[in-house]
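Working notes for the structure below.
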Amino acid sequence: MCLTLLYFHTECVSAEKLGSDKFTKSSLKILLDENVYTEIEIFSPLSKPRGIVVVVPGTGGLSDMYFGEEIAKKNYSPDSKGGLTEKLIGSGYTAVFYNQRGYSTLSKCITGDSLYLRSASFVSRCVDPEIRKTVTFSKITADTEKIFKALNQVVETQGVPQLVLAFSEGIYHVNSLIENKEIDPVGVVAVGGPLESISYVMKFQLGFEFYLNLIEKAFLHCDSDVLNVNQIINCSDSSAYTGIQNSLITAMGGQTISKKDLPARQEFFKKFVHDAFDKYLKISETEYVNGSFLQFVLPKNWSAAYYTEAFSSKKSSVERLRKFPHKVIYMFGSLDHLVPIHSDGICVLDGLVASRTCQIEVVAGVGHGLEDKSMLPTNEALNKIIAALNSVNK
């Protein structure tokens, strides 16, 4: 079997049946720029799908939002993607996954039978630093558009409703394309996708605002002039959060912090954010920024222009969606400490309403990607994603 294409520069790579009693898997190679490709993986149920769900990756840029945890499993399956693939197919959807430019298809480049060997193979075999060092925010948006338009040219998917499932930063690229009428999905679900502008979220993260707020809350609730990490977590009622200790220590400036020193830490991070924005708004586009994956460095993983563009972007998701006529659901984990979260209800930011068809849903007890302490999504969270997709697929 090979996918039938119309009027688009694509290449049919493969179309193989996997788990033939459940679904078929096809691959499609998409030209993004001269000699720069990405590969789309398409998982289809054996019966006619109720919709095509395009899974748009977040800042990490990988088709598997839970990759770091998946490769720690004894029996790693690159098609699992935190259980999302099976859940989508089992609910009657065709699932579409892809990596950003500069990353190879994970099922073809990951080797080894341990977390260390698999993560080492990712860095050495899956990443092309010469492509990654050219990645900017606007290029990711343009690539996202090309992927949606390529899917529109696949005969087998024509006439089937196209939905978006965007993780984290992915919602910015989707909303920009929606605002400019480059894509028109029948509905959108965002997981951990902020309502605020990307520049606001950068300030939130670089300024350690979540952690400074925890410290301030802890001093309000505990009668002490000096607190350590565990006391801050307990006094701020934050014991349910996972993996916040190291960042909290960074915010504190050490193992303990006094009440009188908190204002100085707050000012320190305000200056840090100001200096970072000042640097990247002036930096040369030929420079690049390294990334990291577990204990490994990813050299040249973004163009410095990625940050220049992100820091310059002031338009919120709410503003971009005001004229979108279809339904949108923003899903936040109640334990998300990477982006500001909002209460259940209509999408409102600073008094501005996105549209009456935009809703917020908070999922209790999970984090940024709706993961629990295992760092993988719970079955309940996956079911809520499916319920949200069903709701917007009308």
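What follows is calculated from the coordinates using simple rules that are stated; it is not laboratory data. All values reported here derive from a predicted model rather than from experimental measurement. Positions of Cβ are generated from backbone atoms using ideal geometry, with glycine treated the same way; all protein chains shown enter the neighbour counts.
Take Tyr37 and Leu115, extend 7 Å from each Cα along the Cα→Cβ direction, and tell me the distance between the two endpoints in nm.
The modelled label-to-label distance comes out at 3.4 nm.
How large is ³J(HN,Hα), in whole Hz, for each residue of region 133-150 in order, when computed from phi with the Karplus curve 6.51 cos²θ - 1.76 cosθ + 1.60 and θ = phi - 60°, using x for Gly and Pro?
Each residue of region 133-150 in turn: 5, 9, 6, 10, 4, 5, 5, 4, 4, 5, 5, 4, 4, 5, 5, 4, 6, 5 Hz.
Could you check the simple spin-label distance between Val348 and Thr242, using points 7 Å along Cα→Cβ, in nm with one decimal?
Placing both labels 7 Å along Cα→Cβ, they lie 3.3 nm apart.
Give, in nm to one decimal, the length gained when the segment between Ser80 and Lys260 is fully stretched (0.36 nm per residue of separation minus the Cα-Cα distance).
Full-extension gain reported as 59.9 nm.
For Lys373 and Leu281, compute 0.36 nm times the residue count separating them, minus their Cα-Cα distance, and round to one decimal in nm.
So the extension gain works out to 29.4 nm.
Report, in degrees rounded to the nearest 10, the 0 to 90 angle that the Cα long axis of helix 262-282 makes with the longest principal axis of the chain.
40 degrees
Which semi-axes, in whole Å and largest first, does the equivalent ellipsoid of region 203-282 have when worked out from the alpha carbon gyration tensor as the square roots of 5 times its eigenvalues?
Each semi-axis is √(5λ); the values are 24, 14, 9 Å.
Amide H to amide H, which residues 5 or more places from Ile110 or on other chains are under 5 Å from it, using H placed in the peptide plane?
none
Taking other Cβ within 10 Å of each residue's Cβ, how do Met252, Met202 sort, fewest first?
Ranked by crowding around the Cβ, least crowded first: Met202, Met252.
Add +1 for every Lys or Arg and -1 for every Asp or Glu among the other residues with Cβ under 14 Å from the Cβ of Tyr172, and state the total.
Here the count lands on -4.
Whole angstrom only: what separates the Cα centroid of region 212-265 from the Cα centroid of region 284-360?
Rounded to whole Å, the Cα centres lie 27 Å apart.
Please list the non-local residues whose amide H lies under 5 Å from the amide H of Trp302, H modeled 1.01 Å from N, same-chain partners needing a gap of 5 or more.
Val289
Each label point is 7 Å from the Cα along the Cα-to-Cβ direction; what then is the distance between the points at His221 and Asp184, in nm?
A separation of 4.9 nm, rounded to one decimal place.
Please list, short to long, the whole-number percent of alpha-carbon pairs of region 304-394 in consecutive 10 angstrom bins beginning at zero.
Going out from 0 Å in 10 Å bins, region 304-394 shows 16, 38, 34, 12, 0 percent.
Of the listed values (1) 4, 12, 11, 11, 10, 9, 8, 7, 7, 6, 5, 3, 2, 2, 1, 1, 1, 0, 0, 0, 0; (2) 5, 22, 29, 23, 13, 6, 2, 1, 0; (3) 5, 22, 32, 27, 11, 3, 1, identify the label whose number matches P(r) over Cα pairs in 10 Å bins from 0, in percent calculated from this model.
So the structure-derived entry is (3).
Sort Ile385, Ile232 so that the residue with the fewest other Cβ atoms within 10 Å of its own Cβ comes first and the one with the most comes last.
Ile385, Ile232
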